[in-house]
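The values are calculated or read from the model by the stated rules, or taken from the named source; none is laboratory data. Given the structure is predicted, the values throughout are model-derived calculations rather than measurements. Don't worry about glycine lacking a Cβ; one is built from the backbone with ideal geometry, like all the others, and counts go over all protein chains shown.
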Amino acid sequence: MVQGLGDDFKELVRSSTNIVDLVSEIVALKPIHGGRDFVGLCPFHDDKNPSFHVYPDRQSYRCWVCDAGGDCFRWVMEIERVPFPEAIESLARRARLEIPKHTRSGGSVENASRKTDSLVVVEWAVNLMNQTLRTAPIAENARQYVLKRKLSDETVNNFKLGYHPEDWNWFLEKARGKFTPAQLVSAGLIQERNNGPGYFDNLVGRLVFPIFDERGRPVAFGGRVLPGGNIESDAKYWNSVESAIFQKRRMLFAFDRAREAIRKSKTAIIVEGYMDCIACHQAGVMNAVATLGTAMTEEHVRFLRRFAEKVVLVYDSDDAGQQAAERSISRFLAQDLDLRILNVPSGKDPADYLETHTSQEFYKLTETAAEAWEYKLQSVLRRTDVHSLAGRQQILNHMLEFLAESQGLAGTVREDMILVNVCGRVQVDERTARKQLNEVRNKTQKKSVFRRDSDRQSAESAPRPENAIERAEREMLEIILTCPETIDLIQHHIGADDFENVRHRRLLALCIDLWKEDGDLPELSRLIIAADSDSDLLSLINAVVDGAEKRGIFRLVTDQPNGHEQHGTSVPNHLERVLGPILERREKRLNLVSKHLLSQSARPVSELDDDQRDLLRRLTDFRQNQMGHPSSTK
């Protein structure tokens, strides 16, 4: 990674980055307050109501619930899980800025990070395999398979489909002079041999589906063994292993293409495979995505919830498809999302269906998809005799076990509505069913443990209530950030040591340092730069500015009559009121400590040690300062 990039280049990257556009690549944002503020679901905690705010004028963000905050650099560091040097390089490339070549004296010229290397290598491999599929004679079998699956040339180009020849050293030969074997391994293109020295290619003899992240960058591959080829494998599909740039548990195939359609329709359609997803897009079903060889995970659901209000899981209508659908439901039933299940009729998968039906007909199918709990109930009803008492009891047992397995559902309105519907279907008294549900839950220790852990984590992450002193400290910071010119007056009265809250202390120290050392007023833009991408400081800065706007601090400071005059400057009455409790607390603390120390020694003042003398001197200075500055609250 490039080391030693100076502050000037960092600020060039910051000024060249629109933080709203950057965050919008991951989070669906809506403008409020005339575009001065944008809100969306927070990506850093399980957010159910939009609590994540992005401030274009401050070039920063903050979540009002979990208090995550930062600037463009911190955003890339948190989302992509990279250190600062990689974040600044990523943003520089995004802004098409030339990255300085040289490092600090003694630095290395090898400035490409492992992650950036992998992205470059994967992009090279995508283009190489796509070109091979389209033009190379050796790819004729692959082209015939593509034609058989009725994929158009436009689709092949749009999805960058590719082909890897039946050559176990093809990548190594093609990369000679461009990339090292270690770089190919890191990108997931080759592996070391287990039975001797050397390497072998992955994806050999397969039709290749590049996987793009939400920013449209190729990060991994899926590959299908071709019928009629010479490669035998137990696995028809092969997916890249997880790496620094690829986490399959949260990524969705074609999301980069489907994002806008999902955002506009508020609906995401999830199919099981690459071919089904590509067929959907070719037919005009643009909000379709696919999981990457894994079942739906909670991370997938949380991710989609930022963009969609409804998710339709599409499964084949055979027994395997129905069983897969049932297995996936209970984990997501409590999510704040309209989850639907669709089995494509006539035993077809989506690709087969769309060969003979239009996208409009497919969309109509998705609109009739059953709610997840209803799908489960219908599945149980089909397998059970609803006309006998034993059958109805069996149905109820199945549904109560299903509800008990749904983590986070207990005690919710959604659970109440589902239980009422189920009891109506099987003609059972709701109170009896609820009693039985509680008994089933009590037997499921996993559920109670999850709730205790969840409650404890929520309690630990919840902000601690501020006491009166901390409220005064917060309001003092609000005054400084709203009226930066007050810092000269304030720093004569208090220092960072006078603040009780550690976070408040750090921000006040930063404000005073800017003024005393650099001669700069602690204006918002200067503070954000000086915070140096510190997430905790940036979050606090945004919280302080939000609080100041909410309480109308500027009006309180400027519209009210001033009090006493100091150093030729009138002191606002509101500032005097806020300073009061902070100064009183300091005097009480010094008095208590000095009395304690003096009580420990019967010696005269002249015989006190240095620490005791220093404490008395501080106390004397403080009292003289109070007497000489009548604006301070006594």
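Of note:
- Any chance R224 is buried (at least 20 other Cβ atoms within 10 Å of the Cβ), assigned by TED's automatic domain parsing to the domain that holds N141 and of a type outside the set (V, I, T): yes
- Residue match in the range 193-202 (condition: surrounded by fewer than 22 Cβ atoms within 10 Å (Cβ to Cβ) and under 30 Å from A283 (Cα atoms)): no
- Total residues in the range 166-212, condition of a type in the set (V, I, T) and either under 23 Å from Y145 (Cβ atoms) or assigned to a helix (DSSP H, G or I) (or both): 4
- Filter result for I262 (at pLDDT 95 or above and closer than 22 Å to E299 by Cα): no
- Residue that is modelled with the lowest pLDDT [pool: residues in the range 86-113 that are buried (at least 17 other Cβ atoms within 10 Å of the Cβ) and part of a helix (DSSP H, G or I)]: E86
- The range 152-170, residues that are within 15 Å of A136 (Cα to Cα) and hydroxyl-bearing (S, T, Y): Y163
- Within the range 356-373, restricting attention to residues that are touching a helix residue (DSSP H, G or I) at 6+ places or on another chain (Cβ under 8 Å) and part of a helix (DSSP H, G or I), the residue that is farthest from V311 (Cα to Cα) is S359.
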